[in-house]
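Everything on this sheet refers to the single structure shown next.
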Amino acid sequence: MTAPLTDPFARAITYLRVSVTDRCDFRCVYCMSENMSFLPKKELLTLEELDRMCSAFVRMGVQKLRITGGEPLVRRGVMTFFRAMTRHLDSGALKELTLTTNGSQLSRFAGELYDAGVRRVNVSLDTLDPDKFARITRWGRLPQVLEGIDAAQKAGLRIKINAVALKEFSEAELPRITEWCAERGMDLTWIEVMPMGEDIGDASRLGQFWSLRDVRAEYDRAFTTTDLTETTGGPARYIRLGETGQKIGFITPLSHNFCESCNRVRLTCTGELFMCLGQEDMADLRTPLRDHPDSGEPLEAAIRAAIRRKPKGHDFDYSRQRADGQMPRHMSHTGG
Ligand code: SAM
Ligand code: SF4
C-alpha cells in the first residue's frame, strides 16, 4: 500500500462511492427527468478501467467501496467488476464492498453479489403502495422490488432501506414502512430531498421538502426513541426505537454538521472525482488513467492532487426558501 489519502483538514479518505452507470430502469421524480439523454458508451469507464481506478484508491487506503449509479445493476457485465473487487476483500485491504440499488434486479443478482463478498445492500424504497410507487419512480413496479428484497435476504444479504422524505407523500408512509422494516429485521434511513438537477429553482421541488426534524418528531410521538452516538463519518444520524429495536437513520445533507468528519469522495461513471457532494469542483481521473495504461503513477498523482483540493464543506442552503448553493448535477450523475 502507498501512503494513505489525507485531505488538507486532516480527514482520512477511506470511503469511495463509485457510479458505474448514469442509466437507470426507473425515472424517480426527484432524481431524473422523464426524457433523460444518457452518455455515449465511450465516455464511460470500461469495467477494466473501473477496476484499475478502484484498485488505485484501495492501494491508497480506501477501505469501503459503495457501488451506485444510475442503477448499478443495469450496467452490463457489472458482476465481472464486483467479482474483480473480491480480491481486495480477500487481501484484507478492502473492508467492505457494498451497493445502493433500486432493487429491481436483485432477484437476478443477489446470490452472485453474496458470492462476490457483498454482505450489506442499501435498497431505495419510498413507499409500499404500488400506485404511489409507480407514480414516484415513473417506470418502476413495486412487486419486482419486493421480490428482489426477498431474494437478497434469502441469499444472506443484510438490507437497509433508504426512503426519501417528501412532504405529503411520505407522511402517511412512515408508520407502515417502519413496521414493515421491523418485521423483516431491516434498518431504515430517511433522506432529506436535495436541490439537485437543473430544474431545481422549480417551486414544486422545494414544496416536496419534508424536514427530517419533523420526521424525527413523528418517531418521538409514536415510539420510545434513543439517540445513538455512532457515526459513519457521513451525514447520517441514528436513533433506536425501543419497541422494535430498529435503527432509524436521518440523512440531512443540507445541514453542515457532518462535513468535519467527511471521509468520502465520489467517482462518476466517466471518471470524474467529486471531492464534495455539494461543490462543483472535480478532477478528471479518466485522462491520466487512459493516457497511461501501463502505469498507475500518474493516476495516483492525480488522485492526491484532487484530495488536496477537498473543500471544508458545502454550500447548500434552503433556509431562505431559495436553493442557494444549488447544484446543476442530477443525483444519478454523482450517485448520491
Ligand atoms: N439507483 C440506485 C437507487 O435508487 O438506490 C442508486 C442511485 S440513487 C441516485 C442513490 C440515492 O439517491 C437513492 O436512495 C435516491 O433515493 C437518492 N436520491 C436521488 N435523488 C435525490 C434527491 N434529489 N435528493 C435526495 N436523495 C436523492
Ligand atoms: Fe434511478 Fe435511483 Fe435515480 Fe431512482 S433514484 S431514478 S432508481 S438512479
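Over all alpha-carbon pairs in the chain, figure out the percentage whose distance exceeds 36 Å. Working shown, then result.
Numbers: 8445 of 56280 pairs.
Counting pairs separated by more than 36 Å, the tail of P(r) holds 15 percent.
Here the accessible area is traced with a 1.4 Å probe on the protein chains. For the chain, carbon and sulfur cover 51 percent of it. Taking every DSSP beta bridge that has both ends in the stretch 15-334, the antiparallel portion is near 35%. Only alpha carbons enter this Debye calculation for the stretch 239-289, each as an equal point scatterer, and the log10 of I(q)/I(0) it gives at q = 0.13, 0.16, 0.22, 0.32 Å⁻¹ is -0.51, -0.64, -0.86, -1.18.
As a test of the formula, what do you get for the chain when each DSSP H run with n ≥ 4 contributes -39,500 (n - 2.57) and the sum is divided by the residue count, at 222 nm and rounded to the nearest 500 deg cm²/dmol?
Working: 11 runs with 106 residues, N = 336.
Helix-only estimate at 222 nm: -9000 deg cm²/dmol.
The protection proxy used here, the mean number of other Cβ atoms lying within 10 Å of each residue, ranks peptides 214-223, 34-43, 96-105, 175-184 as follows, highest first: 96-105, 175-184, 214-223, 34-43.
Taking the Cβ of ILE159 as the center, what net charge do the other residues with Cβ under 12 Å away carry, scoring Lys and Arg +1 and Asp and Glu -1?
Working: positive: ARG119, ARG120, LYS154, ARG158, LYS160, ARG184; negative: ASP150, ASP187.
Its environment carries a net charge of +4.
Calculated FRET efficiency, THR80 and ASP131, Cβ-Cβ r, R0 51 Å, to nearest 0.05? Using R0 = 51 Å, I get an efficiency of 0.85. Each residue, ASP284 and GLU96, gets one label point 7 Å from its Cα in the Cβ direction; the gap between the two is 3.4 nm. One quarter of the convex hull surface built on the alpha carbon atoms of the stretch 1-145 amounts to 10.0 nm², the projected area averaged over directions. In the chain, taking the dipole from charged Cβ atoms about the Cα centre, the farthest positive-side position among LEU94, ALA182, MET275 is held by LEU94. Accessible area per residue for the chain, computed on protein heavy atoms with a 1.4 Å probe, is 43 Å².
Under the convention that each Lys and Arg Cβ holds +1 and each Asp and Glu Cβ holds -1, the size of the dipole of the stretch 15-334 around its Cα centre is about 580 debye.
The modelled label-to-label distance for the pair THR224/TRP139, using points 7 Å beyond Cα in the direction of Cβ, is 4.7 nm. Annotation for ALA217 and ARG120: the two label points, set 7 Å from Cα along the Cα-Cβ direction, are 3.0 nm apart. Using alpha carbons only, how many degrees (0 to 90, rounded to 10) separate the axis of helix 106-115 from the longest principal axis of the chain? The two axes meet at around 50 degrees.
The values are calculated or read from the model by the stated rules, or taken from the named source; none is laboratory data. Predicted model only: the values in this text are computed from it and were never measured. Ideal geometry is used to build each Cβ from the backbone, glycine not excepted, and the neighbour counts take in all protein chains shown. Note: accessible area is taken over every heavy atom of the protein model, side chains too, but ligands, DNA and RNA are not part of it. Shrake-Rupley method; radii C 1.70, N 1.55, O 1.52, S 1.80 Å.
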